[in-house]
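Here the structure comes first, spelled out in structure tokens, and everything after it is commentary.
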Amino acid sequence: MYKSDVLIIGTGIAGLTTAIHLAQKSPHLSITLVSKTQKEECNTRYAQGGIAAVWDLKEDDLNKHIADTLDAGDDLCDEKIVRIVIEEGPKRVQEMIDWGTRFDKDENQHYDLAKEGGHSEHRILHYRDLTGAEIERALLEKISTFQNVKILEHYYAIDILTQHHLGYNVTRVMSDIECYGCYLLNLQNLQVETHLAKITVLATGGSGQIYKATTNPIIATGDGVAMMYRAKGHVENMEFVQFHPTSLYNPNGENPCFLISEAVRGFGAILKTKKGEEFMHKYDSRLSLAPRDIVARAIDSEMKVSGDEFVYLDCTHLDKKEFVAHFPTISSKCISIGINPLESYIPVVPAQHYMCGGIRVDEFGKTSIKNLFACGECTSSGLHGANRLASNSLLEGAVFGYRVAQVINDSISNIQLNSSLPEWDAQGTKDPKEMVLITQSIKELKDIMSYYVGIVRSNVRLKRALDRLHLLYIETESLYHSTTLSPQLCELRNLITNGYLVARSAELRRESRGLHYTTDYPVKHSFQQDTLL
Ligand code: FAD
Ligand code: SIN
């Protein structure tokens, strides 16, 4: 058995920010950070556009950022949380700068603030089109300076430990479920280790890999949300899946899909049909810079009507030198597949990008399970409501990482480790005969989610998805209980749970709002919707 004061699952912006603040405030605490692959491999690393924060108080103000966030969220944001994140955001960004993060500046040495869809002002701090990689680099460098932090790479969190593992019957309506740590699969020797902790934090990121086309890296399999749901904790808003309007069209099905940042449209690029005609005026007065749900649905509708497999993004009128300076990664990716973005149009399609729902948390990142906190993309904090405003996600990870660290610091002295947990029992399990069955099931799941639970939904499609998912669930549970563990099998199980949660939440929401659009209930309602329990 391994013991830490605090066990943090995830080394993206949310997990690292929590760990840095905690290590700084409480050097006596032992902190263990866990990453399922290399520590730098996470959604954070791929963020392009930047981090939204009110920086230039002459041009912008906090209330405008708050109003834009509430507007994008389509009346489902928690206004208190929106205020907290936007008011505290600039302080968290300043800390990142103090810890060594670079953001681009203009010739007057002022931060070069970009604009993205749904923002009324220029307020996105960025580092070229590599903002996430720069933030991740600086945070990993900072965390390496603390003696009391250990990072476990290639360790896969399977399940959180609760009274269930002590032999008690745990149900979803219980209000006193407690967390004692996690079972971790050591991927070097495939042994399951018991990691006890006074406090556990889930910062496991998104679940984009439930779809065929996603901008999320392959680690994004919704493990934290699935662990929480299995532990009978509260999860919500899973129907609100954000599709980014502009991923690079790739007929060979690249996974993940390469993102063409919204900042490119903020820089002046224009969406056009395959015939070269502008179309956004038919959908929103903000044209190509309307919020993402509107732009993604508009593209989906244009593609359905025309039968085309993509639309175009026209950058040919933009300043060539400036474009390459701002978007070096996007430029070279396009050139690598034979498209010079300044001479020909870029073919783009919508792709899954972000999960707005997740583990329900309060303003301090507390979950419904005692001694278990969560932050970042795996949560539903109330910031995003029915649709996330561009570049608000990195901000949420930083603000909630800080808040979680403060509460842990104030409360941990009253918590004891529970050492009576049993070790993992692998008796009666055998090595799987055919790993290919797992690969095949993952493909099936992605097909189900992409065909039936995509941008436009309907009752018939959702029922079909849930029926098919049920079959996959039964098969996979049987495999899970009879075979030795592999990360592929654990991920399949978690992907199915996430798929179920998205489809079932979508079925329960009998209206169209934000990112959830269904042809059976095409308008927004004010009546109370049924929610998952
Ligand atoms: P992540 O950064 O995804 O970290 C998750 C961590 O959890 C990883 O370390 C992973 O190894 C670990 N983990 C997961 N499951 C397990 C397990 N079972 N066991 C052990 N470890 C586990 N947002 C913005 O605000 N601005 C942007 O410009 C922007 N651009 C984006 C571009 C792309 C291509 C993508 C994919 C996303 C973008 N986003 C952007 C969204 C944003 O990057 C993410 O929402 C955010 O980085 C999530 O941070 P996180 O710390 O919550 O999770
Ligand atoms: C982008 O650069 O378009 C992504 C920004 C985000 O997801 O917030």
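Only the coordinates and a few stated rules stand behind these numbers; no lab work does. Since this is a predicted model, take the numbers as computed values, not measurements. For neighbour counting, all protein chains shown are included, and Cβ atoms are generated from backbone atoms with ideal geometry for every residue, glycine included.
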### Query
With (1) closer than 24 Å to residue 154 by Cα; (2) exposed (fewer than 13 other Cβ atoms within 10 Å of the Cβ); (3) in contact with a helix residue (DSSP H, G or I) (Cβ under 7 Å, 6 or more places away or on another chain); (4) not β-branched (Val, Ile, Thr) as the list, and residue 489 as the residue in question, which single condition is left unmet?
(2)
### Total residues in the range 419-452, condition touching a strand residue (DSSP E or B) at 6+ places or on another chain (Cβ under 7 Å) and among the polar types (S, T, N, Q)
2
### Task
Could you check, for the range 340-359, whether at least one of its residues is within 28 Å of residue 288 (Cα to Cα) and without any contact (Cβ under 8 Å) to a residue 12 or more places away in the chain?
yes
### Message
So if I check each of 220, 263, which one is part of a loop (DSSP other than H, G, I, E, B), of a type outside the set (Lys, Arg), touching a Gly at 6+ places or on another chain (Cβ under 7 Å) and within 16 Å of ligand 2 (Cβ to nearest atom)?
### Response
220
### Query
Under the condition of being within 13 Å of ligand 2 (Cβ to nearest atom) and among the acidic types (Asp, Glu), which residue from the range 351-400 is nearest to residue 176 (Cα to Cα)?
377
### Query
Is it true that residue 169 is part of a loop (DSSP other than H, G, I, E, B), free of Cβ contacts under 8 Å to residues at least 60 places away in the same chain and within 27 Å of residue 531 (Cβ to Cβ)?
yes
### Query
List the pairs whose first member sits in the range 373-384 and is within 13 Å of residue 355 (Cα to Cα), whose second member is of a type in the set (Ser, Thr, Tyr), and whose Cβ atoms are under 6 Å apart, counting only residues at least 6 apart or on separate chains?
378/204
### Task
Write out, first by first residue and then by second, each pair whose Cβ atoms fall under 7 Å of each other, whose residues are 6+ apart or on separate chains, and whose first residue, in the range 504-533, is over 11 Å from residue 457 (Cβ atoms) and in contact (Cβ under 8 Å) with a residue 40 or more places away in the chain while the second is of a type in the set (Phe, Trp, Tyr) and part of a loop (DSSP other than H, G, I, E, B).
514/240
## Note on the structure
Checked the range 382-401 for anything closer than 14 Å to residue 237 by Cβ and aliphatic (A, V, I, L, M); matches are 383, 386
### Query
Does residue 142 qualify as being surrounded by 20 or more Cβ atoms within 10 Å (Cβ to Cβ) and assigned to a helix (DSSP H, G or I)?
yes
### Query
When you look at residue 98, is it free of Cβ contacts under 8 Å to residues at least 12 places away in the same chain, over 15 Å from residue 138 (Cα atoms), surrounded by fewer than 19 Cβ atoms within 10 Å (Cβ to Cβ) and more than 10 Å from ligand 1 (Cβ to nearest atom), yes or no?
no
### Message
Here's a check for you: in the range 220-232, which residue that is crowded, with 24+ Cβ neighbours inside 10 Å and not charged (D, E, K, R) is farthest from ligand 1 (Cβ to nearest atom)?
### Response
228
